[in-house]
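Engineer: Just passing along the structure, written as structure tokens.
The values are calculated or read from the model by the stated rules, or taken from the named source; none is laboratory data. Quick caveat: nothing in here was measured; it's all calculated off a predicted structure. With ideal geometry, Cβ positions are generated from the backbone for all residues, glycine too; neighbour counts draw on all protein chains shown.
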Amino acid sequence: MKQPILVLIMLLAILAVVAPNATQASESSVIGGELLVRLRPGIQVALNTQQVEILGASNLSTLNRELRVIEAYDFSPIGIGSDTYRIKFRQPINPAIVATRLARDPLVVYAEPNYRRVLLRTPNDKVLPQQWGLHNIQAFEAWDISTGAAIVIAVLDTGVDAKHNDLQGQILSGFNAFTGSNDSNDDNGHGTAVAGLIAANTNNGEGIAGICWGCKILPVKVLDSRGGGDDASVAAGIRWAVDNGARVINMSLGGSEESQTLRDAVDYAASRGVLMVAASGNERSEGNLPSYPAAYDSVIAVGATGNSDVVTGFSNTGPYVDLAAPGVGLWTTLPGNEYGTPNGTSFASPYVAGAAGLAFSVRPDLPIADIRCILEAGADDKGAPGRDDEYGWGRLNLLRSLQLAQNYTGCPLNPPAPNPNPTPTPPPPSGTPPAFAPIPPGSVGADRLYFPETSHSLGGGFRQYWEVNGGLSIFGFPISEEFTEVGSDGQNYTVQYFERHRFEFHPELAPPYHVLLTRIGDDTLRASGRDWFTFAKGGKAVGCLYFAETDQSICEPFLSYWRSNGLEFDGRASKDFAESLALFGLPLSAPQVEELEPGVFVTVQWFERARFEDHGAGRVLLGLLGNQLVITRGWR
């Protein structure tokens, strides 16, 4: 009996080793005795009265042994159908150390601590007790266009007091992420204040006016009575809101630690067409770190302005900020039929969420990317010309946004400057397929999308495939019409080129395999006279995903992007290994610095069907390989 006990003691000793200072620095923001772990698809969890057991895959002994060492006793999925679980364990071990060990297991996609998230409290500045913000954003004029339809806006917060006189009839049945019940009553006040700014009863002879009179609030309690929550509660709340009809999600909460669990939930919402808005944070004087979830690309991050339209001294700034809105002394609802004037980006965010509800009311046909553009393009540019790190695209202007929505035909942000001395477009090079010639808008039928950016269209099976598997962010705009081209097997196929890819139609295959992606990464390299087989081999690296086929690894920040995107095979929002591999293929190179255009040097990594580009601050973009291949072939 002594040998097993000795092994257990040694394992506990290893796990209990004090982490480096970098790990300890944020210890106060970590929930003790808990982890968030995402397992590979198909892995099952069995829970008896004493311990957790992982089932459904081979080579489970290592993972189960680790769970026994930490005395894991509870696995709770983060939302129905999710592969991500909250693990609770009894041993007093630093969760960051445990996460590092579990993340090494091949059955684990990632493991991380469960970080606390808190409502964004603010300084107690003296302000004028009036709804000055409505005047600044031209709300009264905007309401002549629309006061809002029944757009569902989820408020992920401390709950909402549905009995408040100014909120009665505006609040739907909600969700409590802590208890799993529909008890979403507000025991703090923060959530009720946020809800009132979005959709308080208006023109009722009492109280305050909300931004979107007709919108409905879906209360989702993810923060407790002290304003505290965690990634598990917020992620579960996002998923629940998406699954229960939210069109917009407001998150007046945040924290400086990035979380893959939170990112997955945000990606889940974005993939289902839900617009997310979040406060940028109130820690400008305390380090001005990015605040999550606001800092994720698919979330509109909102900073706060005062009544003179100057960004406040507490409002976080940075490249992730998208808009600014009033955030000081805003009259709003408080529990118990009370009113108050709170300050902070927590209360700037609901102005933008309410504006999104109004924009959807005017144009319910538009996707979230266009609604986002409407709000950003309609903003008053208050900072440096164009986008800047304080105001983002500017301070919210409700009137201009709704005017833009009424006549919206495409995003006007950063349009190319008109050429005062235009020269005739030269004819395409000899041998260019006619399909690359621009087509006029009037030549496109109602069953096809027309893209004025490239003067090309998209329809049929290619359109469906494009929309389901990532659309603009993955494939880019079409740069040709459909035409017949010889494939790599010598057969003729219907193809279409996009900024980042080439589609090939195979009618002999059943959907979703009837559209194939070519090895455009490999093709582009070869067309430019480069052979990936001659690249230096990166080999295995700690914390990275290794591919023996090419002796290359994918490391951060490329690894998170690779894992978060992929073709859609199983109808689930998350991407498994096979779906990511199908979209990008194997890595062909290690990360290497290349000059993408004169004087622009970027770290890139080549894949069979893509080129990843690191543009800093965790921002990964896909290379425009379709464009590059067409140019290399002399078709442009």
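Let's see how each residue does on (1) assigned to a loop (DSSP other than H, G, I, E, B); (2) buried (at least 24 other Cβ atoms within 10 Å of the Cβ); (3) at pLDDT 95 or above; (4) more than 26 Å from the chain's Cα centre (by Cα):
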{"residue": "ALA162", "(1), (2), (3), (4)": "yes, no, yes, yes"}
{"residue": "SER184", "(1), (2), (3), (4)": "yes, yes, yes, no"}
{"residue": "ALA193", "(1), (2), (3), (4)": "no, yes, yes, no"}
{"residue": "ASN201", "(1), (2), (3), (4)": "yes, no, no, yes"}
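Engineer: Please specify each residue of the stretch 294-313 satisfying the condition of being acidic (Asp, Glu) and either under 22 Å from HIS615 (Cβ atoms) or touching a Leu at 6+ places or on another chain (Cβ under 8 Å) (or both).
Structural biologist: Taking the stretch 294-313 as the starting set, the residues that turn out to be acidic (Asp, Glu) are 297, 309.
Answer for the stretch 294-313, where residues must be acidic (Asp, Glu) and either under 22 Å from HIS615 (Cβ atoms) or touching a Leu at 6+ places or on another chain (Cβ under 8 Å) (or both): just ASP297.
Engineer: In the list ASP576, ASP522, which residue meets the criterion of being touching a residue at least 40 places away in the same chain (Cβ under 8 Å), closer than 18 Å to ARG40 by Cβ and of a type outside the set (S, T, N, Q)?
Structural biologist: On the way: ASP522 fails: closer than 18 Å to ARG40 by Cβ.
Result of the check over ASP576, ASP522: ASP576.
Engineer: Looking at the stretch 235-245, which of its residues are in contact with a helix residue (DSSP H, G or I) (Cβ under 6 Å, 6 or more places away or on another chain) and closer than 21 Å to TYR351 by Cα?
Structural biologist: Selection gives ILE238, VAL242.
Engineer: Does the stretch 570-599 hold any residues that are within 17 Å of VAL109 (Cα to Cα) and surrounded by 14 or more Cβ atoms within 10 Å (Cβ to Cβ), and which are they?
Structural biologist: Kept after step one, since they are within 17 Å of VAL109 (Cα to Cα), are these residues of the stretch 570-599: 572-581.
If the condition is that a residue be within 17 Å of VAL109 (Cα to Cα) and surrounded by 14 or more Cβ atoms within 10 Å (Cβ to Cβ), then ARG572, ALA573, SER574, LYS575, ASP576, PHE577, GLU579, SER580, LEU581 are the ones that fit.
Engineer: For the stretch 80-98, name all the residues that are outside any strand (DSSP E or B) and surrounded by fewer than 22 Cβ atoms within 10 Å (Cβ to Cβ). Working first, answer last.
Structural biologist: Within the stretch 80-98, the subset outside any strand (DSSP E or B) is 80-83, 90-98.
Across the stretch 80-98, the qualifying residues are ILE80, GLY81, SER82, ASP83, ARG90, GLN91, PRO92, ILE93, ASN94, ALA96, ILE97.
Engineer: Filter the stretch 499-508 for residues that are of a type in the set (Asp, Glu) and surrounded by fewer than 20 Cβ atoms within 10 Å (Cβ to Cβ) and give the result. Please lay out each step first, then the result.
Structural biologist: So in the stretch 499-508, the residues of a type in the set (Asp, Glu) come out as 499, 504, 508.
Passing the criteria: GLU504, GLU508.
Engineer: Scan the stretch 205-245 for residues that are among the small types (Gly, Ala, Ser) and within 18 Å of PRO293 (Cα to Cα) and jot them down.
Structural biologist: Within the stretch 205-245, the subset among the small types (Gly, Ala, Ser) is 205, 207, 209-210, 214, 225, 227-229, 232-233, 235-237, 241, 245.
Matches in the stretch 205-245: GLY227, GLY228, GLY229, ALA232, SER233, ALA235, ALA236, GLY237, ALA241.
Engineer: How about the stretch 612-626: which of its residues are under 21 Å from the mean Cα position of the chain (by Cα) and either within 22 Å of LEU516 (Cα to Cα) or at pLDDT 95 or above (or both)? Steps first, answer last, please.
Structural biologist: Applying the first criterion (under 21 Å from the mean Cα position of the chain (by Cα)) to the stretch 612-626 yields 612-623.
PHE612, LEU621, LEU622, GLY623, listed by residue number.
Engineer: Given the conditions (1) part of a strand (DSSP E or B); (2) modelled with pLDDT under 95; (3) in contact with a Ser or Thr (Cβ under 7 Å, 6 or more places away or on another chain), report the number of the one that THR603 does not fulfil.
Structural biologist: Result: THR603 passes all but (3).
Yes or no, residue by residue, for (1) out of contact with any strand residue (DSSP E or B) (no Cβ under 7 Å at 6 or more places or on another chain); (2) at pLDDT below 85:
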| site | (1), (2) |
| --- | --- |
| GLY56 | no, yes |
| LEU102 | no, no |
| GLU112 | no, no |
| HIS135 | yes, no |
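Engineer: Return yes or no: is SER560 farther than 30 Å from GLU257 by Cβ and not assigned by TED's automatic domain parsing to the domain that holds SER271? Explain how you work it out, then say what you get.
Structural biologist: Details: farther than 30 Å from GLU257 by Cβ: no; not assigned by TED's automatic domain parsing to the domain that holds SER271: yes.
No; evaluated as a whole, the condition is false for this residue.
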